[in-house]
Amino acid sequence: MSQFKPHYLKVSDKIFKQMLSNSVQDADKIDQCLNSDKKIQFIRQITEVTNNLYYIDLQRQLWQNYFELGMKQGVWAPRLSKSIARQHHICRTYGFPKHIIERRQENIVQYTLDRLKRYIIKLEQDVIQWKPYVDLTFLSTAINECVRSAQQRLRQEFDYKRKMLVLDSDDRQFIRKFYDLQPDEEQIWQTTFDALKAKEQEEILRKRIYLRRLPSTYDRMIYQSLDITKLPRKLVMRAQREPKTVQSIQQLLQQRSHIVIR
């Protein structure tokens, strides 16, 4: 996530002033406020601190979503092992214990308060000595708008991670329920067959939408092709002994789909 975070200490003075100017309507006032190298460096540091505070707040929101998700489910499962996550193609992020989440939230809040306190003290001490007078309200608005605008991509990434938390949680729930069922081989192969059947139906409907309109005779052919429950049950049962059976079933369904759309 840090790769999407702006870094105001690394840009040139000219670019930095331009970024602030683009954030407010009275852009000329920026040049008046930052009329010395000392002022530019100070405001640059303040902008970087503000940038960090916004970044920390995004982290806080993410951990809060994490906490609320765990409270809603009432389950604080340990993280999945790498092998299980790789086997089921799921993310390992979800699954921190409750006490780790609570401690992380406390650390973020305390860090934010400490940085904010130092920010206010330094601002009050240094700005008083500046001449000519600097409009602090205008300058603060420029800094905040500049930071918020530059962090748009960062906010999108955090929003993506929040959505992934929900999806990862659902994946874990489904996997746990699957193993709790303790299915035998026949149930697994039957489920596989049903999934292939549903996929065939989806493909047929997609082709119908693409063709938009078909004669009624084709409709009857499609309805007949969808009724594949007459497929010999032995074909499904053979899947327990012959791993290639699933592939054969899939090829058969694909052939029927191609016949329908011809």
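The values are calculated or read from the model by the stated rules, or taken from the named source; none is laboratory data. From a predicted model like this one, the values you see are computed outputs, not experimental measurements.
Data table
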quantity: Only listed residue being modelled with pLDDT under 80 and part of a loop (DSSP other than H, G, I, E, B), chosen from 92, 103, 115; calculated: 92
quantity: Residue count, the stretch 11-28 (criterion: in a loop (DSSP other than H, G, I, E, B) and within 32 Å of the chain's Cα centre (by Cα)); calculated: 4
